[in-house]
Amino acid sequence: MIWSFVKVAIFLVLVVVLTLVAAHLADSAEALRIVVFGTEYTLGPLTAAIAAIVIFGVIWGAIRAIGLLVAAGRFLLGDTTAINRYLDRRAERKGYEALAQGMLAVASGEGKLALSEAAKAERYLKQPHLTNLLAAQAAEVAGDTGKAAEVYKRLLSDERTRFVGIRGLMRQKLAEGDTATALALAQKAYALKPSQTEVQDTLLKLRTEAGDWKGAREVLNDKRYQGQLPKDVHQRRDAVMALQEAKGVLAEGATIEAREEAIAANKASPDLIPAAVMAADAYTAEGKAKNAARVILKAWEAQPHPDLAAAFARIVADETPAERLKRFGKLLSLRPDHDESKLLEAELAIAAEDFPGARRALGDLATRHPTQRVMALMAAIERGEGADDAVVRGWLARALSAPRGPQWCCDKCQNIQSDWTPVCNNCGGFDTLSWREPAAGSQPVTNGAEMLPLIVGTPATPEPQPSREEAIRAAADGNCDIDWAAELRPPEQKSGK
């Protein structure tokens, strides 16, 4: 508002000044005499001023005209001129408009329109690092993967777009199922931008699927250092990978290194059951029974599991069933109300031929939680107490329709597996298996396990065993005669029975 008032005031002052000057010149009696080729011209003051202004305008116009002619000549000769700049600005404007329209077409899923706009933008802008990316995305939307791959390869030649090209080719190979090539591309992309989250996750997934646990742990550590993983999540996942790395080292024959990796994995995640079992076996092999027992006790307190009981039994192999039942007392006292503790105590009592004690240990499990394992134990107790075969077969018949009990279930897809693995066999989820009851409607799997867990020792050369369902069905039909107490004795006692 103030500035507008100032401009108006200045204009009025100029008008007044010019008016006064013109009035002064008109009143002046002096004249200007000009002689041109012998002819004398007399001009009054006002006329002379107007003539001077006209002459100045003619000269300025002539200069501008000459400049325009020079610019036109330079334009025809190929030099940069204002015309060139005008045409360049016009082409740039059209190119960016095409680029914007192409991006909108990609976002709306119009692949053909996006390809057309991408070609137009490339023609106008002459900036391939901008237009090639749009062309690749447009080709993908249009379903032309060959065109997209061609454009991504062109992006590799420019330092500014190399990462984008590698990432695009990596995603294409993943969609095609070519994981080997995708892994190589992911490693190159990771070398260019190690902090890019998508590349990190892709490389981590591909390395775990390929069994490269050492490389996967390196990526996991980078994610932790960059603040992309909480400390507890990192520790758990690193423990899982360390366990698998230990298994790989053990398969190669490096026993000492495998033991160290297993112990490290257990320390990082004491509740990881496979790591606890492997660490306990490593301590047992080194003759460190106390360390092995401490590992099992800590894991059992977090999550009772038959594999932990088997590892605890392997700590002392040459003991009688009664001695074993006494030694297991410390383990059983940690979670006495847990179903696994009751089942374990019942199995140990059966091995010691304390069938009333086994019945007391089971308590009301036969009615409260009747699983196949509970039914089999009840059949063993009835056989040990001298019940009729019909009673034993009755329990076994009930086992045929009973649920299997806790199993390794994927929390992501509800898939059931016989053994723990770091990656789900069905959905590929990492560390998604948990020991629990399957979800309603899940189908049990037949894993070839014996009817009762071998918690009291494993024979050195085990013979092929029928599946749990096959064994139960055969016993229920009266086609086998099982000496339950003998079957549950340690191997060294079986050989001498």
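Each reported figure results from applying straightforward, stated rules to the coordinates on display, with no laboratory input. Here the structure is a predicted model, which means the values were calculated and not measured. Please note: Cβ atoms are built from the backbone with ideal geometry, for glycine as well, and neighbour counts cover all protein chains shown.
Of note:
- Of the peptides 152-158, 375-381, 165-171, the order by per-residue mean of other Cβ atoms within 10 Å, starting with the highest, comes out as 375-381, 165-171, 152-158.
- For Phe56, Phe312, order by how many other beta-carbon atoms lie within 10 Å, fewest first: Phe56, Phe312
- Extension reserve of the Leu104-Arg368 stretch, reckoned as 0.36 nm per residue once the Cα distance is removed: 88.9 nm
- Dimensions in Å of region 90-155 - Rg and Dmax from alpha carbons: 10.6, 33
- Sequence-distant residues sharing a close amide H with Gln407 (under 5 Å, placed H): Arg436, Glu437
- For region 231-315, the calculated P(r), taken from all Cα-Cα distances in 5 Å bins from zero up to the bin holding the longest distance, is 3, 19, 28, 25, 18, 6, 1 percent.
- The alpha-carbon atoms of region 278-397, seen along their principal axes, cover 48, 28, 20 angstrom, with the largest extent given first.
- Calculated FRET efficiency for the pair Leu87/Val54, C-beta based, R₀ 22 Å, to 0.05: 0.05
- Using 0.36 nm per residue and subtracting the Cα-Cα separation, the extra length available between Tyr96 and Ser418 on full extension is 110.0 nm.
- Dipole of region 231-315, positive end: most advanced residue of Ala279, Ile263, Ile296 [Cβ charges, Cα centre]: Ile296
- Per-residue packing, averaged as other Cβ atoms within 10 Å, sorts the ranges 400-410, 383-393 into the order 400-410, 383-393, beginning with the highest.
- Taking other C-beta atoms within 10 Å as the exposure proxy, Arg90, Arg373 rank Arg90, Arg373 from fewest upward.
- Tensor-based shape of region 146-190 (alpha-carbon gyration tensor, a/c under 1.5 rounded, otherwise prolate or oblate): oblate
- Under 5 Å, built H, 5+ apart or other chain: amide partners of Val423: Asp431
- Put the Cα centre of region 315-354 next to the Cα centre of region 88-159 and the gap is 71 Å.
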